[in-house]
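Chemist: Here it is, the structure in full.
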Amino acid sequence: MKKLILALLPVLALLGGCNKQDSYLYSGIEAGTLGGGVFTSDNGTKMTVVGNEEKFDITSTRRVLISYQTHPITDPVHIDIDVHGLLDAGILEPEHARSLPEDPSGSPCQVTDAWFSETYLNILVNFTGKEADKHTFSVAYTVDEENLTFRLGHDGSQDTEAGNGTMTVFLCIPMYEPALSFDQYAQSTGQKPERPIPVQLQWTARTLEGGPLTLQERKGSYQTPAVN
């Protein structure tokens with residue numbers, strides 16, 4: 001199972017939601033591509049970063065999640081923003097599995113949000129520890145004619161220092177590569193899905209009593225891209 005070691009930025013207070021503040025001023029949280037001082041959201045909106053008090057790297061091209069506030073908007077084609085928070089994306093390449101574990105496995109974490117963009121399943125995950133770069137994440141999946149199920153793996157066993165700090169990571173599972181075969185059942189039977197595939201997401205968490213358990217959420221349905 002391919003693992004990705006994530007060097008996390010400090011958790012910042014992200015602004016909640018995409019809230020209209022007045023007729024020409026907005027704040028929100030968006031996922032997209034940042035590079036050369038320009039942020040392009042997943043819906044295609046381009047925004048120029050003019051405020052960056054935390055001195056985030058806004059020149060390197062990469063996928064990110066940002067919290068921001070616009071300057072007064074007078075031209076919808078030219079939007080200036082101040083960036084208040086930024087998380088670099090960890091891209092996880094899922095590995096196909098014959099089955100997923102029924103019992104809890106791995107280090108606990110908590111999925112706080114998950115949503116689809118055109119090409120990714122995006123996941124926000126909280127976990128506890130002290131040294132973020134010693135935590136690894138991976139993902140496996142199973143698929144049949146009814147469901148696509150992802151199982152998020154988290155290994156924090158190398159973080160041996162005592163610490164109860166909460167850290168956040170932004171993970172993205174690609175949904176566009178034919179090699180990932182998330183419509184494998186249809187391909188193997190020579191069929192093409194005529195409807196979106198229901199998607200489920202699993203992870204290991206802890207009960208209030210401290211014991212592990214497997215949590216599962218249904219994250220809606222995903223339409224197989226035409227390129228597949």
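Chemist: Which whole-Hz couplings ³J(HN,Hα) result when phi for each residue of the range 44-53 is put into the Karplus expression 6.51 cos²θ - 1.76 cosθ + 1.60, θ = phi - 60°, listed in order with x for Gly and Pro?
Modeler: x, 6, 9, 9, 9, 7, 10, x, 8, 5
Chemist: A further question follows. Given a Förster distance of 25 angstrom, what is the FRET efficiency for Ala97 paired with Thr207, based on the Cβ-Cβ distance and rounded to 0.05?
Modeler: Values: r = 25 Å, r/R0 = 1.02.
My answer for the efficiency is 0.45.
Chemist: Considering only protein heavy atoms, what is the solvent-accessible area of Tyr141 at a probe of 1.4 Å, reported in Å² to the nearest 10?
Modeler: Counting only protein heavy atoms, the figure is 10 Å².
Chemist: With a 1.4 Å probe and every protein chain left in place, tell me how much accessible area Trp115 has, in Å² to the nearest 10.
Modeler: Only protein atoms counted, so the area is about 70 Å².
Chemist: Also: What length, rounded to one decimal in nm, is gained on full extension from Ser157 through to Asn126, with 0.36 nm per residue of separation minus their alpha-carbon distance?
Modeler: Values: separation 31, 0.36 × 31 = 11.16 nm, distance 1.58 nm.
Using 0.36 nm per residue and subtracting the Cα-Cα distance, I get 9.6 nm.
Chemist: In Å, what Rg and Dmax follow from the Cα atoms of the range 26-146?
Modeler: In Å, with Rg to one decimal and Dmax whole: 17.5, 55.
Chemist: Quick check: pseudo-label points 7 Å beyond the Cα along Cα→Cβ at Thr70 and Asp144, how many nm apart are they?
Modeler: 4.7 nm
Chemist: Could you pull the accessible area for Asp42 with a 1.4 Å probe, rounded to 10 Å²?
Modeler: Counting only protein heavy atoms, Asp42 exposes about 70 Å² to solvent.
Chemist: Here's something else I'd like to know. Picking from Thr166, Ser105, Tyr120, whose Cα lies most toward the positive end of the charge dipole for the range 100-176 (charges on Cβ: Lys, Arg +1; Asp, Glu -1)?
Modeler: Checking the options against the dipole of the range 100-176, the answer is Thr166.
Chemist: Using amide H atoms built 1.01 Å from N in the peptide plane, name the residues 5+ places from Asp80, or on other chains, whose amide H lies under 5 Å from its own.
Modeler: Thr48, His71
Chemist: For the range 17-110, state which GluC sites (Glu not before Pro) are in a DSSP loop and have at most 11 other beta carbons lying within 10 Å of their beta carbon.
Modeler: Values: sites: Glu30, Glu53, Glu54, Glu95, Glu102; in loops: Glu53, Glu54, Glu102.
In loop regions of the range 17-110 (DSSP not H, G, I, E or B), the sparsely surrounded GluC sites (Glu not before Pro) are Glu53, Glu102.
Chemist: Would you calculate the separation in nanometres between label points at Glu217 and Thr61, each defined as 7 Å from the Cα along the Cα-to-beta-carbon direction?
Modeler: 3.2 nm
Chemist: Now for a different question. If we count every other residue with Cβ under 13 angstrom of Gly44's Cβ, Lys/Arg +1 and Asp/Glu -1, where does the sum land? Before the final figure, lay out each step's value.
Modeler: Details: positive: Lys46; negative: Glu30, Asp42, Glu118.
Net local charge, Gly44 excluded: -2.
Chemist: If you average the C-alpha positions of the range 33-72 and of the range 101-152 separately, how far apart do those two centres end up, in angstrom?
Modeler: Centre-to-centre distance over Cα atoms comes out at 26 Å.
The values are calculated or read from the model by the stated rules, or taken from the named source; none is laboratory data. Quantities reported herein were computed from a predicted structural model and do not represent experimental measurements. Positions of Cβ are backbone-derived with ideal geometry, glycine not excepted, and every protein chain shown enters the neighbour counts. Heads up: the accessible areas ignore ligands, DNA and RNA and are worked out on the full protein's heavy atoms, side chains in. Shrake-Rupley method; radii C 1.70, N 1.55, O 1.52, S 1.80 Å.
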